[in-house]
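Remarks on the structure that follows.
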Amino acid sequence: MGTDLQSQPVHFVLIDDDDVSNMLAKNIIKRYIQLTEFTVFTNPEKALLFLKTLKNPVIVLLDINMPTLSGWDVLEKIEQFPQQILDLLKIYIVSSSINADDYERAASNHIVLGYLEKPITSGQIMMYFASLNTN
């Protein structure tokens with residue numbers, strides 16, 4: 001499957017109510033993964049509707065602190081999705097929180113693959129997504 005990733009764009013879904021954080025994340029990811037596409041949501045409810053319709057794999061970068069639904073709320077709703085949708089999701093928490101409880105909660109969630117601190121850095125992108133590097 002590695003060669004498929006090389007020829008197909010890597011689709012990132014950013015779920016964060018902060019436009020600046022979304023822009024920074026897109027710019028840093030594009031530096032290291034050439035073939036990318038992005039779907040950005042500042043409204044977590046709209047993101048959930050989108051994710052329910054997936055046909056292809058995506059990497060989800062999910063912020064914890066949002067006004068209407070928290071990232072934890074979003075995760076609870078995603079956990080109720082049909083397995084065929086869950087199989088398409090690679091979910092990473094993104095947060096400016098340095099609260100140890102948030103790290104622990106993310107680490108103990110079976111559908112969360114990692115925790116990236118804001119602002120996202122090139123080191124974090126390389127650590128989690130080096131295998132996707134198409135540069």
Problem - Residues in segment 104-135 that a label on Asn27 would reach, taking backbone N under 14 Å of a point 7 Å out along Cα→Cβ - result: 119-122
Practice task
Step through the residues of segment 14-25 one at a time and calculate ³J(HN,Hα) from phi using the Karplus curve (6.51 cos²θ - 1.76 cosθ + 1.60, θ = phi - 60°), rounding each to whole Hz and writing x for Gly and Pro.
Solution key: 9, 10, 7, 6, 9, 4, 5, 4, 4, 4, 5, 4
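Kindly flag which residue pairs out of Lys26/Lys118; Lys30/Lys118; Lys52/Lys90; Lys90/Lys118; Lys52/Lys118 have an alpha-carbon separation exceeding 22 Å in this structure. Mind showing how you got there, number by number?
Numbers: Lys26/Lys118 13 Å; Lys30/Lys118 17 Å; Lys52/Lys90 14 Å; Lys90/Lys118 18 Å; Lys52/Lys118 27 Å.
Listed pairs above 22 Å: Lys52/Lys118.
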Fill in the blank from the handout: Computed for segment 2-132: size of charge dipole around the Cα centre, +1 on C-beta of each Lys and Arg, -1 on C-beta of each Asp and Glu, debye to nearest 20, value 460 debye
Exercise for the section: Before anything else, pin down the relative contact order of the chain: Cα pairs under 8 Å, at least 6 apart, normalised by residue count, whole percent. Expected result: 28 percent
Fill in the blank from the handout: Out of Ile78, Pro67, Phe129 - ranked by how far each Cα lies towards the positive end of the dipole of segment 2-132, with unit charges on the beta-carbon of charged residues - the top one is Phe129
Handout entry: Net charge contributed by nearby residues that have their C-beta within less than 12 Å of Ile85 (K/R +1, D/E -1)
Key = +1
Completion exercise
Checked segment 2-132 with the C-alpha gyration tensor, a ≥ b ≥ c its square-rooted eigenvalues, rounded below a/c of 1.5, otherwise prolate if a/b is larger than b/c and oblate if not; verdict rounded
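Where a number appears in this text, it was derived from the coordinates with a stated rule and is not lab data. Because the structure is a prediction, the values reported are computed rather than measured. Note that each Cβ is placed from the backbone with ideal geometry, even for glycine, and that neighbours are counted across all protein chains shown.
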